[in-house]
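**Q** Structure below; questions to follow.
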Amino acid sequence: MGNILVEIKDLHKSFGEEEVLKGVDLDVERGEVVCIMGPSGAGKSTFLRCINRLEEPDSGTIKIDGEPITGDNVDLNKMRTEIGMVFQQFNLFPHMNALSNITLALKKVKNMSKAEADKKGLENLEKVGLKYKAESKPDQLSGGQKQRVAMARALAMDPKLMLFDEPTSALDPELIEEVVKVMLDLAEMGMTMIAVTHEISFAKGGSDRVCLLDQGNMLEQAPTEKFFNDPEHDRTREFLSMVLD
Amino acid sequence: MEAFAHNFLNINVLIRTHGFLITGLFMTLRLIGFSLILAMAWGLFLSVVRNVHLPGLNTFIVFYVDTLRSLPILVLLMLIYYALPFVGIQVPAFTAAVLALSLNGGAYYAEIFRAGIEAIHRGQTEAARTLGLNYIQTMRHVILPQAIRVVLPPLTTNTLEFIKATAAASVVALPDILRQASQAMNSTFNPTPLTGALVLYLLICLPLVQLIRRFENN
Ligand SMILES: Nc1ncnc2c1ncn2[C@@H]1O[C@H](COP(=O)(O)OP(=O)(O)OP(=O)(O)O)[C@@H](O)[C@H]1O
Ligand SMILES: [Mg+2]
């Protein structure tokens, strides 16, 4: 197995009549950063959500670290602690302050004491530059700050893999950079990441490989350089010309 | 005017019967305490189970909730107290009252909690599950604290109705406020104890009504 962390083969998923994923394959190496792009409705979110089984795939296999995570006898809750996920809408818990958002799962899932969890929570808030906001409730934070807390919350679980679903799409333009910076730092530190994003600065600056998901097919997969400068498919060129200006 | 005062505001009668009324008050408070906790817990349980969306179970819960909301509490109470003995189940008056009130109140509370749970954005559940919390932990720590805040106004209104409905227990001879007052009235040939009962109910319910008014003004 060696260096492959994520191994996805022939993933299919339909909602009713509509086949959203039509046999998608993707391998991700340990420490690799993969960006997924594609038009709206292509199935990007669905694909990402299948990886931690927020959506149940119809067929196909997903292995993390050689362990299948599809099928009935998988411990979903344990599996999910190893996969962090960051959502477009942040999904912070509004009734808890920033620190409690992070420590909840540390205490309830990882069974840490309050002191251990607080320590770990503060460390992770520091990583995203928000230790001073530990006591703030989500509604007292800007969009960019909320997303950074959400990242700290996911990172505190020490995941093997991080999934991002358009983490900057809900942000005002001036707040995007602070979130991208945290993502770039993570990539730098060797975190394995699969990011659905149209944020070119992250794709170009942080990713090793970019994929184009189009109508449920992984149309193009190429090293970042090649994807932007010399893609195989006309469809990719078309898509890029739309996104780039 | 004098006749009215003699019949409804008779201090002497009140002094003679206040012990009765106090006993009734404690019985009513005990009844409220037990049945309110059970009704809320039962309603919460039903709404949390219903949110799992197991088809057969949900049909059953909906059937239960609709049936109980259609039954007058008096009918349910008399069924439990007077009809069950015919099949060999003897239920003491207090238990019968708690049972009837909890079964009925649980149906109402279930609907209120369900509305609250459904008002919380799906992303909250997804974020919690993604962190590895199980369904119960997600409900307990993430969804319910938010859901209950959302439904606090209908929750309070329902609790007010619930408390008033406990007066139904007097039909199975439970010595609550109303029953004690009417006993006192019968033994003194003077209805002043009913005025006492009225005051006691006002003392219990008016603060809740004020709370509801505050919700409405916000
Ligand atoms: N829970 C669902 N039930 C039914 N249809 C769904 C569901 N989730 C997604 N779909 C449909 O599946 C298709 C793919 O959706 P998905 O959210 O994966 O696309 P996407 O590539 O993430 O798009 P976007 O860029 O707009 O986020 C869409 O047509 C969508 O309407
Ligand atoms: Mg999407």
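**Q** May I ask you to give the solvent-accessible area per residue for the range B:122-165, in square angstrom, as obtained with a 1.4 angstrom probe?
**A** 40 Å²
**Q** Which percent of the accessible area of chain B is formed by carbon and sulfur heavy atoms (probe 1.4 angstrom)?
**A** Looking at chain B in its full context, I get 70 percent from C and S.
**Q** What percentage of the solvent-accessible surface of the range A:166-206, computed with a 1.4 Å probe over protein heavy atoms, is contributed by carbon and sulfur atoms?
**A** Percent of accessible area from carbon and sulfur atoms in the range A:166-206: 49.
**Q** A follow-up question, please. Hey, which lysines would be in cross-link range of A:LYS226, C-alpha to C-alpha under 22 Å, not counting anything within fewer than 8 residues on its own chain?
**A** Reachable lysines: A:LYS44, A:LYS204.
**Q** Another question, if that's okay. If I take every Cα pair under 8 Å that is 6 or more residues apart in the range B:33-187, average their sequence separation and divide by the length, what percent do I get for the relative contact order?
**A** Relative contact order, the range B:33-187: 31 percent.
**Q** I would also like to ask the following. For chain B, set up a Gaussian network in which alpha carbons nearer than 10 Å are linked by springs, and say which option among B:GLU161, B:GLU118, B:GLU126 fluctuates the most.
**A** Checking each option, the largest mean-square fluctuation is seen for B:GLU126.
**Q** FRET efficiency for A:ASP10 and A:TYR132, Cβ-Cβ distance as r, R0 = 56 Å, nearest 0.05?
**A** Efficiency for this residue pair is about 0.75.
**Q** Compute the separation of the alpha-carbon centres of the range A:72-112 and the range B:78-135 and state it in Å as a whole number.
**A** Computed from Cα coordinates, the inter-centre distance equals 29 Å.
**Q** List the aspartates and glutamates whose alpha-carbon lies under 13 Å from that of A:LYS137, not counting same-chain residues fewer than 8 positions away?
**A** Filter leaves no residues.
**Q** For A:LYS107, go through the lysines and keep the ones whose alpha-carbon is under 17 Å away, minus same-chain ones fewer than eight residues off.
**A** A:LYS78, A:LYS119, A:LYS120
**Q** At 1.002 mPa s and 20 °C, plugging the Kirkwood radius over alpha-carbon pairs of the protein assembly as shown into Stokes-Einstein gives what diffusion coefficient in µm²/s?
**A** 81 µm²/s
**Q** Put a dot 7 Å past each Cα toward the Cβ at B:TYR64 and B:ASN217; how far apart are the dots in nm?
**A** 4.0 nm
**Q** Once each part is reduced to its C-alpha centroid, what is the distance from the range A:5-46 to the range A:176-245 in angstrom?
**A** Taking the Cα centre of each part, the range A:5-46 and the range A:176-245 sit 14 Å apart.
**Q** Sticking with this structure for a sec: Highest GNM mean-square fluctuation, chain B, Cα pairs closer than 10 Å: which of B:ASN12, B:ASN158, B:ASN104?
**A** In this elastic network of chain B, the residue with the biggest mean-square fluctuation among B:ASN12, B:ASN158, B:ASN104 is B:ASN12.
**Q** What residues in the range A:6-52 lose 30 Å² or more of accessible surface when the other protein chains are added to their chain alone (1.4 Å probe)?
**A** Residues meeting the cut-off: A:ARG49.
The values are calculated or read from the model by the stated rules, or taken from the named source; none is laboratory data. No experiment lies behind these values; they were computed from the predicted model shown. Note: ideal-geometry Cβ built from the backbone for every residue, glycine included; neighbour counts use all protein chains shown. Keep in mind that these areas ignore ligands, DNA and RNA; they rest on the heavy atoms of the full protein, side chains included. Shrake-Rupley method; radii C 1.70, N 1.55, O 1.52, S 1.80 Å.
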